[in-house]
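The values are calculated or read from the model by the stated rules, or taken from the named source; none is laboratory data. Since the model is a prediction, treat every value here as computed from it, not as a measurement. All Cβ positions, glycine included, derive from the backbone under ideal geometry; neighbour counts span all protein chains shown. Remember, those area values only see protein heavy atoms, side chains included, never the ligands or the DNA or RNA. Shrake-Rupley method; radii C 1.70, N 1.55, O 1.52, S 1.80 Å.
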Amino acid sequence: MKKALVTGVTGQDGAYLSKILLEKGYKVYGTFRRVSTPNFWRLQTLDIHTKIHLIPADLIDMGSLLESLKVSDPDEVYNLAASSYVGTSFEEAVANAEITGLAVTKILEALLHQNPNIKFYQASTSEMYGNNKFKTQNEETPFYPASPYAISKLYAHWITNVYRKSYDIFASCGILFNHESPLRGMEFVSRKITNAVAEISLGLKDKLVLGNLKAKRDWGFAVEYMDAIHKILQQDKPDNFVICTGESHAVSEFVKEAFDVVGLNWKKYVKTEKKFFRPIEIDYLRGNAKKAAEQLKWKPKTTFKKLVKIMVDEDVSRWKSFLDGKAFPWDAPLYPKSLKIHSKLKMSAITECRSCGTSDLFPILSLGNQYPSNFVDEDFSPNEKDKIPLELVFCGKKECGLLQLKHMASRESLYKRYWFRSGLNETMRKALQDITESIEKRITLSQDDIVLDIGCNDGTLLRSYQSNVQLVGFEPASNLIDEAKHGTTKIINDFFLLDEFEKHFPNEKCKVITSIAMFYDLEDPNSFVTDIVNCLDQSGIWVIQMAYLIPMLEQNAFDNIVHEHLQYYSLKSLKNLLESHGLEIFDVELNDVYGGSFRVFVKNKKNDQIQIQNSVNELLTKEEQFGLSEKQTYLDFAKRVNSIKDELYDFINQESSNGKIIYVYGASTKGNTLLQFCNLNDKLIKKAADRDSVKFGKRTIGSNIPIISEEQARQENPDYFLILPWHLVEFFKEREKEFLSNGGKFIVPMPKFKIMSNNETSHS
Ligand code: NAP
Ligand code: F7E
């Protein structure tokens, strides 16, 4: 799949171009400015705001330009961002030179460093011709720029040409003449006219004040021009192309056509005022797009008259719907929930509940600043700056009450490599098989039905289906992909996205979707659920399994709290979220996975073939009785957690100073939370024993404990094993019988801190 980076994605051209690229199957990244009033209305109008990967970047900020190239790693860059209003450029000439001119050199430099094979498009303009003496302008016509904007653009144009030749890169320029559309900014004369005509026709205004009515421009339809610029980058060689209609019309003609659409005489309404004239006017522009016609096979289709009508009609309809009480498209929500924004910050903090959006968030428990769980090489020295707070907050909205992390580590960094492999232990294999069995009991699967596992890890769950179906998985961790591909139909090495699914399975839906131990990891659960709704067959089911809140609180399992898991759901908070998307929970089961999980069966509300089981209401009642809606329940949990920390640290510290040797048993991912929170490190705990040979020779991040095999640990015979996967302690007692009978002891941190030896269990 080709990847494109579009700078200025929030502008008229950026929006239309992105739509075209998405339709052609590109993955589209777009830069936008972090401003106090974000501007996504065009993307929302075209309904592509959720499909574009947005990267904050400002043209005057080299760092953000570099980051946007790094994040998107594009095949093609379309540089459309600019301060594009000619009138303002007289007032802000220096800023214009920086943004519209110099920034292009910065992008070209960044591109050379990142990957000189990237194709680059520069948005040049007919304004560069200025007050030239020629009847028509083509690629060979000399330039006489007549505004700071035109001069900046000419600099950008020449620098692109110079870099093309000097560095042999694919850098092309489109010299586009004025192109308009209903998405045009209101400052430009075309929209200013069509919007005013709409208001006047509805009796909302009685005059339109303009500047130079005699100026003539070559006006075309923006959508078609974006098709042309895509073609420019698909040529064999980089080049410059003029894109225009070849017709020139005066502003007064535009005005007349626009008033004609609503049957009014323009002369009654239009006035001119000096303030709308420019210090230097360009009287006449008319392009010649012969080269584009020949080489790009591109020709404009929309006539001047038609263009004006399209714009007036759209503005009239916007005003009419405004009068009917609806908002204008540009008054759309500033940050619609499902935007995909890539931030270079390693961490961000929420101010609103990730599920319901309320800002009533109460602090519950802080586990301090921690490194995201990892196992690192011996010579790796972690940087304090990479620590991210691990803090729980509780949503105070009654219907929601979602417990969640306040801070979020960059997702990419968390999942590039994932340490946990489902197939590695028998217990987990059985647990996953139990899921597919429970599904196949509830739904009849026919051949070729698609079953989708999101976060499919090494493919163990998919392979456990008995029915002959298409086994499809999404998995972002690249180290798991090869294994996942065995015996499955299609594994997509990425986070789940509806678009990605549809690319591989156009017009198909899933009969079953499973998301096991991953739903609580989502930074934007609402957009995920929206995608599920669109991906799930009306008669299909979705199974969510993840750690459940009641056992976590009952067992004081604070080690469930890791940077990956952003949410800690109760059935009630999950129900509230799913119902807001037209989904319904029809059954729920509890199991022992991860020390206590729930498995939730979900269907479309409209599907009345499936009965709602009593289990749902029963568990909701139990949650009420347990006090899950009360903040105090969580504060009590926090208190207990802090006392475990003290007991554990004091005991280990004391035994270590008594000369006792303590090892970790089971260097689990969640164990890193406990070690870091309780200030345990290689000074107090000498080694960590694990089964997974991939971890041997590595160290636990932050606590710096070297990992060895279980065999080696047994031979070295420490005095204590600190059991990190404490919920498996009964199983370990069997496995380490010999260690225990030789006098070794287990330190079990939770549910209550205790010491276990062969024949006694004592609390310290
Ligand atoms: P537009 O609607 O004004 O869009 C300009 C885009 O640039 C917007 O996304 C804007 O972001 C962004 N931008 C402005 N300053 C920026 C900065 N400092 N850093 C990052 N982004 C910034 O323009 P357009 O009509 O789509 O035109 C696209 C390109 O083609 C421009 O380069 C323009 O000069 C050129 N061009 C246009 C025409 C035409 O007739 N439309 C003709 C020839 C050439 P915000 O949304 O945050 O403002
Ligand atoms: O002006 C005259 C004005 O602002 C068109 C940009 O996209 O196209 C655009 O630049 C003409 C000018 O566009 C008003 O003096 C009269 O002669 O719509 P405009 P522009 O300046 O041609 C080029 C190709 C670009 O590259 C630019 O980025 O209309 N005019 N009365 C007026 N113009 C405005 N804005 N407002 C008036 O009231």
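Can you tally the net charge around residue 314? Count Lys and Arg as +1, Asp and Glu as -1, for every other residue whose Cβ sits under 13 Å from the Cβ of residue 314.
Net charge in that neighbourhood comes out at +4.
In Å and from the alpha-carbon atoms only, list the Rg and Dmax of region 58-170.
14.5, 45
Counting only protein heavy atoms and a 1.4 Å probe, tell me what percentage of region 162-286's accessible area is made up of carbon and sulfur.
48 percent
Contact order normalised by length for region 1-95, with contacts defined as Cα pairs under 8 Å and 6 or more residues apart; what percent is it?
RCO, region 1-95: 37 percent.
Roughly how big is region 679-739's charge dipole about its Cα centre, with Cβ charges of +1 (Lys, Arg) and -1 (Asp, Glu), in debye to the nearest 20?
240 debye
Can you give the charge dipole size of the chain about its Cα centre, rounded to the nearest 20 debye, using +1 on the beta carbon of Lys and Arg and -1 on the beta carbon of Asp and Glu?
It comes to approximately 2520 debye.
Run the numbers on region 458-503 and let me know its relative contact order in percent, using alpha-carbon pairs under 8 Å that are six or more apart.
It rounds to 40 percent for region 458-503.
Can you bin every Cα-Cα distance in the chain into 10 Å intervals starting at zero and give me the percent of pairs per bin, rounded to whole numbers?
Once binned at 10 Å, the Cα pair distances of the chain give 2, 12, 19, 20, 17, 13, 9, 5, 2, 1, 0.
Putting +1 on Lys and Arg Cβ atoms and -1 on Asp and Glu Cβ atoms, find which of 454, 55, 496 reaches farthest to the positive end of the dipole of the chain.
55
Could you give me the percent of Cα pairs per 10 Å distance bin for region 1-130, shortest bin first, beginning at zero and ending with the bin that holds the maximum distance?
13, 45, 34, 8, 0
In region 611-723, what percent of the accessible surface is made up of carbon and sulfur (1.4 Å probe, ligands and nucleic acids excluded)?
43 percent
Cα gyration tensor of region 1-78, axes a ≥ b ≥ c as square roots of the eigenvalues: rounded (a/c below 1.5), prolate (a/b > b/c) or oblate?
Note, shape of region 1-78 comes out oblate.
Output the peptides 460-473, 264-277 sorted from most to least packed, where packing is the average of other Cβ atoms within 10 Å over each peptide's residues.
460-473, 264-277
Among the listed pairs 205/268; 406/754; 19/153; 645/745; 237/290, which are separated by more than 21 Å between their Cα atoms?
406/754; 19/153
How much accessible area per residue does region 715-764 have, counting only protein heavy atoms and a probe of 1.4 Å, in square angstrom?
That works out to 51 Å² per residue.
Leaving out same-chain residues fewer than 8 places away, which lysines sit with a Cα under 16 Å from that of residue 622?
572, 575
Give the residue from 677, 382, 300 lying farthest towards the positive end of the charge dipole for the chain; charges sit on Cβ (+1 for Lys and Arg, -1 for Asp and Glu) and the dipole is referred to the Cα centre.
Final value for the positive-end residue is 300.
In the structure displayed, which of 340/639; 106/297; 192/291; 256/320; 340/490; 24/305 lie more than 26 Å apart, Cα to Cα?
Violating the 26 Å Cα-Cα cut-off are 340/639; 106/297; 192/291; 24/305.
Loop only by DSSP, 12 or fewer other Cβ within 10 Å of the Cβ. Give me the trypsin sites (Lys or Arg not before Pro) in region 101-165 that pass, ordered by residue number.
133, 135
Give the list, by residue number, of cysteines in the chain with no other Cys Cβ closer than 4.7 Å, or say none.
173, 244, 456, 510, 535, 678
Could you state the number of Å between the C-alpha centres of region 82-153 and region 506-551?
Region 506-551 and region 82-153 have Cα centres spaced 47 Å from each other.
How much length is gained if the chain between residue 733 and residue 609 is pulled fully straight, taking 0.36 nm per residue apart and subtracting their Cα-Cα distance, in nm to one decimal?
39.9 nm
In deg cm²/dmol and to the nearest 500, what is the mean residue ellipticity at 222 nm of the chain if only DSSP H runs of at least 4 residues count, each as -39500 (n - 2.57), divided by the residue total?
Value at 222 nm, helices only, nearest 500: -10000 deg cm²/dmol.
Based on a Kirkwood Rh over C-alpha pairs, give the Stokes-Einstein translational diffusion coefficient of region 462-550 at 37 °C and viscosity 0.692 mPa s in µm²/s.
234 µm²/s
Where does the charge balance sit around residue 229 when Lys and Arg score +1, Asp and Glu -1, over other residues with C-beta under 11 Å from its C-beta?
Local net charge: -3.
Given region 627-738 reduced to its alpha-carbon atoms as identical point scatterers, what log10 I(q)/I(0) does the Debye formula return at q = 0.09, 0.12, 0.21, 0.24 Å⁻¹?
For region 627-738, the Cα-only Debye profile gives -0.26, -0.45, -1.16, -1.41.
Determine the sum of side-chain charges near residue 102: Lys and Arg each +1, Asp and Glu each -1, restricted to other residues whose C-beta is under 15 angstrom from that of residue 102.
-3
Projected onto the charge dipole of region 200-290 (+1 at Lys/Arg Cβ, -1 at Asp/Glu Cβ, origin at the Cα centre), which of 279, 222, 261 gives the Cα projection farthest towards the positive end?
Final value for the positive-end residue is 279.
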